[in-house]
Structures are given as C-alpha cells and as structure tokens.
1. Being in contact (Cβ under 8 Å) with a residue 60 or more places away in the chain and more than 10 Å from every other protein chain (Cβ to nearest Cβ): is that true of B:LEU149 here?
2. For the range B:22-38, how many residues meet the condition of being at the interface with chain A (Cβ under 7 Å from one of its Cβ atoms) and out of contact with any helix residue (DSSP H, G or I) (no Cβ under 7 Å at 6 or more places or on another chain)?
3. I'd like to verify a number: residues in the range A:1-32 that are surrounded by 13 or more Cβ atoms within 10 Å (Cβ to Cβ) and of a type in the set (S, T, N, Q), how many?
4. Can you tell me which residue is modelled with the lowest pLDDT among those in the range B:157-186 that are surrounded by fewer than 16 Cβ atoms within 10 Å (Cβ to Cβ) and more than 8 Å from every other protein chain (Cβ to nearest Cβ)?
5. May I ask you to list the residues in the range A:126-150 that are part of a loop (DSSP other than H, G, I, E, B) and either without any contact (Cβ under 8 Å) to a residue 40 or more places away in the chain or over 23 Å from A:PRO168 (Cβ atoms) (or both)?
6. Report those helices (runs of 4 or more DSSP H) wholly inside the range B:1-75 carrying at least 2 residues which are within 22 Å of the chain's Cα centre (by Cα).
7. Looking only at the range A:115-125, decide whether some residue is assigned to a loop (DSSP other than H, G, I, E, B) and away from every other protein chain (no Cβ under 12 Å).
8. If we scan the range B:135-144, do we find a residue that is at pLDDT 70 or above, surrounded by fewer than 17 Cβ atoms within 10 Å (Cβ to Cβ), farther than 30 Å from B:LEU14 by Cβ and within 14 Å of another protein chain (Cβ to nearest Cβ)?
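The values are calculated or read from the model by the stated rules, or taken from the named source; none is laboratory data. These numbers come from a predicted model, not from an experiment. Note: ideal-geometry Cβ built from the backbone for every residue, glycine included; neighbour counts use all protein chains shown.
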Amino acid sequence: MTEGNGRLERAIDALKEPVQLGHTFDQRVMAEIESGPEPRAWAYRFWAILDWLKRGRPVSVSPLGGLALTAGIALVALLGRSMLESEGQSTPVAAAAYGSVVQFVIVEPAATAVSLVGDFNDWSAAANPMQRMAGNGVWSVTVPLTPGRYRYAFLVNGSIWLSDPSAPPTLDDEFGRPGSVVTIGEL
Amino acid sequence: MGIYDVKGESDAVLVERVLAGETDAYAGLVARYRDRLGRYAVRMLGNVADAEEALQDAFVRGYRSLARCTDPDRFGAWLFGILVNRCRTLGKQRARRHNLVVHNEPAVAKAAVAHSEDRDATREAIEWAVAQISATNREAFLLKYVEELSYDEMTVITGASVSALKMRVARAREDLRRLLAEVESD
C-alpha cells in the first residue's frame, strides 16, 4: 500500500465513525410530523398501481404476431442506426483503431506520469499507465476495446485531468471535468 | 408518543402501519435510519446543525409522501434518495451564503488545523480535505466508501449513471489523496 493510499484508507475509517445528533432530534421530527397532514393510504394504492404499470412484464404473442413484431423491431433498429450515422457522432478521431486494439496518444513533455482512465477501466489510474516514447514528450498506450462508445480522459502526474484535444468532448455535462469520447465500430 | 421497539418489524410493516393511521410507528423508522443517514449528512454538509436540518426535512418529506414509497421493504434506500436531494439543496444554499462571509476558507481551516491537538488536527484535516472536493464528487465518494453502497444502489439514489458515478468516485479519491498529502506537508 502506498503512503497516499494509506492516508486515504485512514481518512475513510475516520469518516465512518458515528456522529452524534442532538438528543431531541427524534422528538423534533415527530413533533413536526404530527403538526402536519397524514399520508393517505388511497394515495399509496394509486402510486402502487402506477408503478405496476411502468414495470416490464412478459407478453404472450402468437407466431404471426411475433413475426410482425420482429420485423418492426428490425426496421426501427435500422432507421435508428442510419439516423445516428448521419449525425456524425461516431468519429473515432482520438485514436487509431487496429482491429479491436486502440492506441491512445497525448503530447505532454513536462509530465512525469500519464494514465489513461475511462469507462473501460472503471476510471482506474493504475489500469492503463501510458509509456513515454523516446525524447519527444509523446505518451502512448494501446487498449483492447470491443465495439461501443467510451468516455475517457488522461490523468497527468496523478492529479491533472485532461481531455483528448483531438477527440470529441463528452456530450453530457454530468462530469465536472474534461473528458472525451471514442466510438469503436464493428471492424 | 409511545415507545416503539422496532426489532422484528420490517420497514414494510412499519410503513403499512403509518399509512393505516398509526403516526407513531414512523418513530420506529426514524430511530432505525437516524444514525446512518445522519452520518452521511454530517460528512456531506460539514456540520451537525446543517445535517440535522437536512435530515429532519428528509424525514418529514418522507412521511408526507410515504404513499409514493411503492416498495416499502426498501424504505431506507428511498429515504436516502430524499436525503441526498435535501443535502444538495442545502449545500448550495450554504455555499452561496458562505461565499459572502468567508473568502479564504481553506486558509482559515488550515490555520485551525495548525493550532489543534494532534488527534483533532487529523480529524479536522480530513474534514477540511473532504470539504474541498466538489459536492458532486464528494457525494459519490461518501456513498461508495463510507456508506458502502453498490453502484447499482447509488444509481437509484442519485439518478446518475454507473459510469458517471465511477468517474466521480475516482476523481474524489485522487483529489482527497492530493489534499491530504498537502495538509500533511504543511
């Protein structure tokens, strides 16, 4: 275990220690509850029915109906695929793909360590360390990837997150820091 | 208010009793989840007063909307989701208010650390470091490592995807590791 990991584990243990709330906390909660309206049992049944309707369930289909359903699903899938391709969202410019092995490259002359982190390695800094190529500040790593869309970033010196300047950025905004997207098609 | 021994009564039974009009049965659910959810709120918001406000609000909202808890056996997870939202809201409000008063909180916190006893200093250093992590990453980190939830459970509670949560946890770990090293080297 490195010193940094040891510090982190000790911090987690400290954060797991119980906390002490005020000794009247429960009474305050119940007093506020008793001063307001009660939940309605009929409302429970309403939401339970709504929940049941939203759940998936087995459906019986006749052979002829099944054939029609299969044809419909195939048509929707084909249309969806052609629409996605026409929007140009699948450009793997970040990496050169060789079969299912993908090479990721970044230029960081001042870095002492660079890791590739992404969906495919659970954002682990240890999973895919990059190798410095002799004398030119270029860092590289190759990763086997199955077809799909992946988010990734470069972790420089263990703390700086960089997106790939040559790749599309992540399309959603749920991440607080830069990230990139690579799409691996059927090769 | 009666005294409720909640041993042997499942969440579903207590929820059913509350919905049948036994308001006091809710005290059993409060007692069952107060400590665990209280710990999350304190770690997330950084102080007991704000944590109690968020937790009380979550319990009251949970009671008023109990009819919407359609899987009463998982009342705890459902309530945790409400608390996570209350902590987000209160955290944003406190951050806005705090920014008007304290302009250099890290320096203040570090100064406090420097003048405390060793054990307190360690605890305060950890609290300071946790507070520096972005709220989104801190939330994911606490749910994963302190509350020890699975990513699937976290997805239900936070509404974020497993992939996003993994990224947030990884970033929180890196931030915390760096911040703890910084504090130790000061």
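1. Answer is no for this residue.
2. 1
3. The qualifying residues number 1.
4. Checked the range B:157-186; the qualifying residue modelled with the lowest pLDDT is B:ASP186.
5. A:ALA126, A:ALA127, A:ASN128, A:MET130, A:MET133, A:ALA134, A:GLY135, A:ASN136, A:GLY137
6. B:26-45, B:48-64
7. Within the range A:115-125, none of the residues are assigned to a loop (DSSP other than H, G, I, E, B) and away from every other protein chain (no Cβ under 12 Å).
8. Checked against the condition, which is being at pLDDT 70 or above, surrounded by fewer than 17 Cβ atoms within 10 Å (Cβ to Cβ), farther than 30 Å from B:LEU14 by Cβ and within 14 Å of another protein chain (Cβ to nearest Cβ), the range B:135-144 yields at least one hit.
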